[in-house]
Amino acid sequence: MPRDDVTKIVLDESEIPTAWYNILPDLPGEPLPPLHPGTMEPVGPADLAPLFPESLIMQEVSTDRWIDIPGPVLDVYRLWRPSPLYRARRLEQSLGLAGKQRIYYKWEGVSPAGSHKPNTAVPQAYYNKEAGIRRLTTETGAGQWGSALSMACAMFDLECEVFMVKVSFDQKPYRRVLMRTWGATVHASPSKETQAGRNILEASPDSTGSLGIAISEAVEIAAQNDDTSYALGSVLNHVCTHQTVIGLEAKKQMEAFEDKPDVVIGCVGGGSNYAGMSYPFAMDVLNDNAQMRFLAVEPEACPTLTRGTYAYDFGDTAGTTPLMPMYTLGHDFVPAPVHAGGLRYHGDAPSLCGLVKAGMYEAKAYAQVPVFEAAVQFARAEGFLPGPEPAHAVRAAMDEALAAREADEERVILFNLCGHGHFDMSAYDAHLSGKLGDVALAEEELQAALANLPPQPQPA
Ligand SMILES: *Cc1c(COP(=O)(O)O)cnc(C)c1O
């Protein structure tokens, strides 16, 4: 039985993990390599050299299960890590649960940028600085990644140039100010700064932008300048690996609660926070036959895992990145401007997609009104205000608990509360004044974007 005298577990600083977990060697089946879109040959480290420092490229392709966390990175992690893990006692009460269904959440909103993103922004800034890079470019959706990287660049004395998806640039002015406070330059994307941006603006002057478009812009600048690297906030292996500090801490904390999750839940935009939370648990399922369910949650407006196609696709809209094997909605899919800006990406991390394809991970999509209803119920019970993205995980965790209560089954639910919603007040305002609508995604719209998938490799 779990400890009933504890609400949260706060680990000592000395218990911050000293190595990240790399799931690559443990994944089921042969890994599918990323492909060069021109030759359809596997992409080698040399192909990535214009964009990333060698140390991160080596991590990207590494098959070492554990990767040591450098000392200077640990020194920064110490500012907010280990993050606390809570038993959601008051939420359980508000749902009428009596202890047979238990809900736990890991709280990543305690970082300076307010989300899990600094877990990878800090090491990426560190490795680039070590490699002699002067400036980083990146894209940002809701502004979470842009702020995290701006902060990390400030700490390692790097310049930072951020392309922010236009709809968020307009909806979330304060994220922009936060980035500028940390010293970054911020452009609304599509912008006139790059050829990729100018092309989009010519075709659709009113474009609200997308992560895919913003990536094209940031990549273009990094590719053209030797002293500039590109930094990606999700999707890639090294990003997912850096995020595993979340799950590694959570495992220790669940042990301290003397409880074990039956289901691990997280929201998925590109997959990094959920990978970070779930992979250290999946390690036990893959290697030691542990029993556990995994549930990835996404918005109905951008249903990559639940309605996408498993195929090779570009990571960006302009088609400049390597082709990655993943569930995708098509690289030029532009999702409706839902408030969970961080979940508006057409693809997902190949490792996570592989686990869904293998049937080990489940996926579920929610419309935004029930998601905000869950966020408000959570805030009224637990106090913390979820970002619109992790509110998807809150919704799913509540529904898991209620379904188990209905079936009179014991169920231990763990989810990642990966960021706060303090910059999302206009979204909460829209919800509280009944102005939030749900946007159904028509099958024709989905098929139209999927029709533009690049040519697929032929089976050997
Ligand atoms: C970026 C972000 C996401 C989506 O990205 P993942 O890589 O899927 O984690 C979700 N929630 C928050 C708070 C974010 O900042």
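The values are calculated or read from the model by the stated rules, or taken from the named source; none is laboratory data. Since this is a predicted model, take the numbers as computed values, not measurements. Glycine gets a Cβ as well: all are built from the backbone with ideal geometry, and neighbour counts include every protein chain shown.
Against the numbered list (1) more than 10 Å from the ligand (Cβ to nearest atom); (2) of a type outside the set (A, V, I, L, M); (3) surrounded by fewer than 23 Cβ atoms within 10 Å (Cβ to Cβ), Arg395 comes up short only at (3). When the helices (runs of 4 or more DSSP H) confined to segment 363-460 are screened for residues that are within 25 Å of the chain's Cα centre (by Cα) and closer than 21 Å to Gly347 by Cβ, those reaching at least 3 such residues are found at 390-406, 443-450.
More than 23 Å from Gly341 (Cα to Cα), more than 18 Å from the chain's Cα centre (by Cα) and among the hydrophobic types (A, V, I, L, M, F, W, C), is that true of Ala318? So Ala318 fails the test.
Against the list (1) closer than 22 Å to Gly212 by Cβ; (2) away from the ligand (no atom under 16 Å from the Cβ); (3) in a helix (DSSP H, G or I), the condition Ala154 fails is (1). Residues of segment 213-231 that are within 14 Å of the ligand (Cβ to nearest atom) and at pLDDT below 95: Ala214, Ile215. Inspect segment 347-361 for any residue being free of Cβ contacts under 8 Å to residues at least 12 places away in the same chain and more than 30 Å from Pro173 (Cα to Cα) and give the result as yes or no. Checked against the condition, which is being free of Cβ contacts under 8 Å to residues at least 12 places away in the same chain and more than 30 Å from Pro173 (Cα to Cα), segment 347-361 yields at least one hit.
Here is a yes/no grid of residues against (1) in contact (Cβ under 8 Å) with a residue 40 or more places away in the chain; (2) not β-branched (Val, Ile, Thr):
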residue	(1), (2)
Arg3	yes, yes
Thr7	yes, no
Leu11	yes, yes
Asn22	yes, yes
Gly29	yes, yes
His36	yes, yes
Pro45	no, yes
Leu56	yes, yes
Glu60	yes, yes
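One residue stands out in segment 78-96 among those that are small (Gly, Ala, Ser) and more than 16 Å from Phe415 (Cα to Cα): the one that is surrounded by the fewest Cβ atoms within 10 Å (Cβ to Cβ), namely Gly96. Taken over segment 130-157, the criterion of being surrounded by fewer than 24 Cβ atoms within 10 Å (Cβ to Cβ) and either touching a helix residue (DSSP H, G or I) at 6+ places or on another chain (Cβ under 8 Å) or farther than 16 Å from Leu51 by Cβ (or both) is satisfied by Glu130, Ala131, Ala154, Met155, Phe156, Asp157.
As for segment 192-215, it holds at least one residue that is without any contact (Cβ under 8 Å) to a residue 12 or more places away in the chain, in contact with a helix residue (DSSP H, G or I) (Cβ under 7 Å, 6 or more places away or on another chain) and in the same structural domain as Thr140 (by TED's automatic domain parsing).
Is at least one residue of segment 28-45 more than 20 Å from Tyr312 (Cα to Cα) and in a helix (DSSP H, G or I)? No, every residue in segment 28-45 fails to be more than 20 Å from Tyr312 (Cα to Cα) and in a helix (DSSP H, G or I). Confirm whether Met151 is within 17 Å of the chain's Cα centre (by Cα) and assigned by TED's automatic domain parsing to the domain that holds Pro190. No.
Going through Leu450, Leu436, Leu446 one at a time, which residue ends up being among the hydrophobic types (A, V, I, L, M, F, W, C), surrounded by 14 or more Cβ atoms within 10 Å (Cβ to Cβ), touching a Lys or Arg at 6+ places or on another chain (Cβ under 8 Å) and in contact (Cβ under 8 Å) with a residue 12 or more places away in the chain? Just a single option satisfies the conditions, and that option is Leu446.
All conditions but one from (1) among the hydroxyl-bearing types (Ser, Thr, Tyr); (2) part of a loop (DSSP other than H, G, I, E, B); (3) touching a Leu at 6+ places or on another chain (Cβ under 9 Å) apply to Thr208; the one that does not is (3). Selection of strands (runs of 3 or more DSSP E) fully inside segment 65-118 by the criterion of at least 2 residues being closer than 30 Å to Leu232 by Cβ and within 16 Å of the ligand (Cβ to nearest atom) returns 101-107.
Would you mind stating whether Lys172 is within 16 Å of the ligand (Cβ to nearest atom) and either at pLDDT 95 or above or among the charged types (D, E, K, R) (or both)? When the stated conditions are applied, Lys172 passes them. Here segment 337-367 is the region considered, the condition is being out of contact with any Gly (no Cβ under 7 Å at 6 or more places or on another chain) and at pLDDT below 95, and the residue that is nearest to Arg293 (Cα to Cα) is Ala340. Scanning segment 78-93 for residues that are farther than 20 Å from Ile16 by Cα and of a type in the set (A, V, I, L, M) gives Ala88, Leu91.
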